[in-house]
Amino acid sequence: MGAGSSTDAEREPLLVPSHIEAHSQPVNSRVYGRRWLVLTLFSLLGLMQGMVWNFWGPIQNSAVHAFGFTKSDIAVLVLWGPVGFVPWLLFMWLMDKRGLRASLLLSAFFMLLGATLRSIPLTDQQLRRWLIHGGQFLNGLGGPTIMSAGPYLSTTWFAPDQRATATAVASLFSYLGGAASFLVGPLVVPPPNDTLAGTTMVAAFSTSDIRDRIQMVLYAELAAIATLFAAVLLYFPSRPPLPPSVAAASQRLSYRSSICRLLSNVRFLMIALAYAVPTGVIAGWSGVLDMVLTPAKVSQVDAGWIGFWSTVGGCVFGIAMARFADSIRGMLKLILVLMLAGASLASTWFTLTCLSRVTHLPSTAAILYTSCILVGIFINSSVPIFFELFIETVYPVPEGITCGVVTFLGNLVTGLLLFFLTFYCTELSWLNWCLTGSCLFSLVLILFFRESYDRLYLDVFVSV
């Protein structure tokens with residue numbers, strides 16, 4: 001099915017179990033219409049988790065004036081997202097033992113509690129800042145399940161020819177939430193007066209006006225999260241009565257065996273690094289995109305639009321490529337090579353454009369828009385393709401555990417990047433070089449990777 005395959009010893013227990021012949025008792029399978037409701041609830045929670053995580057970066061100038069944050073504080077507010085992945089093993093264990101409903105309810109509860117803390121309108125600004133930090137951390141605790149469980153949900157509820165598409169929707173909606181914050185924040189929250197110098201706008205907004213607008217968005221996000229939490233509490237089954245495919249019904253490895261299998265699989269570690277490094281870097285980079293583009297004389301609103309279109313483009317293109325992967329199976333590596341090659345070229349273009357004083361390359365708003373948006377499109381759209389390749393490579397390791405490991409690694413990279421940013425936040429050209437280097441590093445790893453499709457083999461050749 002691919003350029004390489006796993007050994008016969010690894011595949012034999014899956015296709016020919018010792019206690020029963022594979023074709024003697026076909027699996028009763030069925031696809032339920034309610035799967036779309038389950039996918040919608042999960043995706044909307046991902047949308048809100050991404051919006052809350054990326055709320056402060058796009059309005060960092062306004063947040064500094066309204067609450068007395070420093071540039072380092074803004075980086076830390078974004079950093080709480082990766083920090084929330086520290087207890088990822090607990091969430092993966094809960095998903096493996098109790099199912100997706102239990103893990104998602106716990107994540108939604110943390111998100112609701114965090115949104116509540118952020119929205120308390122205290123007059124003591126020092127205490128208010130602490131509550132905002134606490135709320136961002138609690139929202140980050142929702143990340144391990146929401147960013148990892150997309151492939152688990154798609155395998156549990158969707159037929160093989162819809163899995164990649166469902167994975168793309170479930171995993172990319174959190175990115176779409178980050179994109180929405182680029183749009184909502186700068187449009188609703190006015191920039192401070194000193195950033196409007198030289199424009200036709202005059203000083204029309206006081207610090208209290210900015211604070212009131214921020215408070216309005218915080219209340220709106222709290223209401224949305226509370227509604228989604230209630231909906232998940234009322235109806236979100238862990239799995240359908242009958243599985244949709246052979247792979248969904250097959251026996252999986254235990255929690256401990258899965259971790260050992262993943263850490264000892266060199267091919268998995270290769271693609272895990274290929275995924276974690278560029279996606280982790282671009283997550284940190286996009287979280288402070290306003291700071292990155294400020295030296296290029298890009299306003300807070302324009303930076304928000306660039307971040308919005310780069311992420312939305314990645315989501316739309318990612319879903320389209322996932323649909324293509326569903327229709328033409330066994331080509332995941334080729335798709336990733338093309339995406340990462342495009343990301344490497346686009347990020348190099350953007351980085352050199354930002355150094356126009358040295359490179360003498362033209363630096364216009366159109367060029368910055370185009371190069372930055374292309375970077376987001378190529379990297380963000382690769383996420384669901386990576387997830388599907390992970391599952392195929394290490395099957396029968398459970399999907400939630402596999403994707404939990406790689407999303408933890410991605411957030412570890414993001415956390416390290418933002419940690420250094422708190423110390424080196426005055427000149428950010430090094431951040432652009434990190435983005436370019438991460439894309440090239442990932443491309444090299446994928447080129448040397450041997451793909452295999454064990455789960456697809458099971459669904460295609462085993463009678464259902």
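Quick look at the numbers
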| item | result |
| --- | --- |
| Selection from Ala102, Ala75, Ser148, by position along the positive dipole direction of the chain (Cβ) | Ala102 |
| Simple spin-label estimate for Leu233 and Ala296 in nanometres, 7 Å along Cα-Cβ | 4.5 |
| Heavy-atom accessible area ranking, 1.4 Å probe, most first, across Val301, Val288 | Val301, Val288 |
| Accessible area of Lys97 in the full protein assembly, 1.4 Å probe (Å², nearest 10) | 110 |
| Inter-probe distance in nm under a simple model that places probes 7 Å from Cα toward Cβ, at Val337 and Tyr219 | 5.6 |
| Between the range 301-338 and the range 144-188, the alpha-carbon center distance in angstrom | 12 |
| For the range 54-124: rounded, prolate or oblate by the Cα gyration tensor [a/c cutoff 1.5] | prolate |
| Centre separation in Å (Cα based) which lies between the range 217-243 and the range 58-113 | 17 |
| The range 409-442: chymotrypsin sites (Phe, Trp or Tyr not before Pro) in DSSP loop, at most 12 other beta carbons within 10 Å | Phe423, Tyr424 |
| Heavy-atom surface of the range 303-354, accessible at 1.4 Å and reported per residue (Å²) | 37 |
| Cα gyration tensor shape for the range 128-275, rounded if a/c is under 1.5, else prolate or oblate | prolate |
| For the chain, calculated [θ]222 nm from helices alone, where every DSSP H run of n ≥ 4 adds -39500 (n - 2.57) | -23500 deg cm²/dmol |
| Packing rank of 104-115, 404-415, 442-453, 256-267, where each peptide gets the mean count of other beta carbons within 10 Å, highest leading | 404-415, 104-115, 442-453, 256-267 |
| Sequence-separation-based contact order of the chain, relative, with Cα cut under 8 Å and 6+ spacing, percent | 28 |
| For the range 319-399: relative contact order, % (alpha-carbon pairs under 8 angstrom, 6 or more apart) | 38 |
| Dipole moment magnitude, nearest 20 debye, the chain about Cα centre, only Lys, Arg, Asp, Glu C-beta charged | 460 |
| Value of relative contact order over the range 33-122, rounded to a whole percent, pairs C-alpha under 8 Å and six or more apart | 22 |
| Pairwise FRET efficiency - Ser254 versus Val444, Cβ, R0 = 35 Å, nearest 0.05 | 0.55 |
| Protection proxy ranking, peptides 221-227, 302-308, 125-131, average beta carbon neighbours within 10 Å, highest first | 302-308, 221-227, 125-131 |
| Inter-part distance where the range 244-281 and the range 393-441 are each reduced to a Cα centre, Å | 17 |
| The range 74-113: C-alpha gyration tensor shape, a/c 1.5 cut-off, then a/b vs b/c | oblate |
| Of all accessible heavy-atom area on the chain, the percent that carbon and sulfur account for (1.4 Å) | 68 |
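The values are calculated or read from the model by the stated rules, or taken from the named source; none is laboratory data. What you see is a predicted model, and the numbers here were worked out from it, not measured in a lab. Cβ sites come from the backbone with ideal geometry, for glycine too, and all protein chains shown count toward neighbours. Heads up: the accessible areas ignore ligands, DNA and RNA and are worked out on the full protein's heavy atoms, side chains in. Shrake-Rupley method; radii C 1.70, N 1.55, O 1.52, S 1.80 Å.
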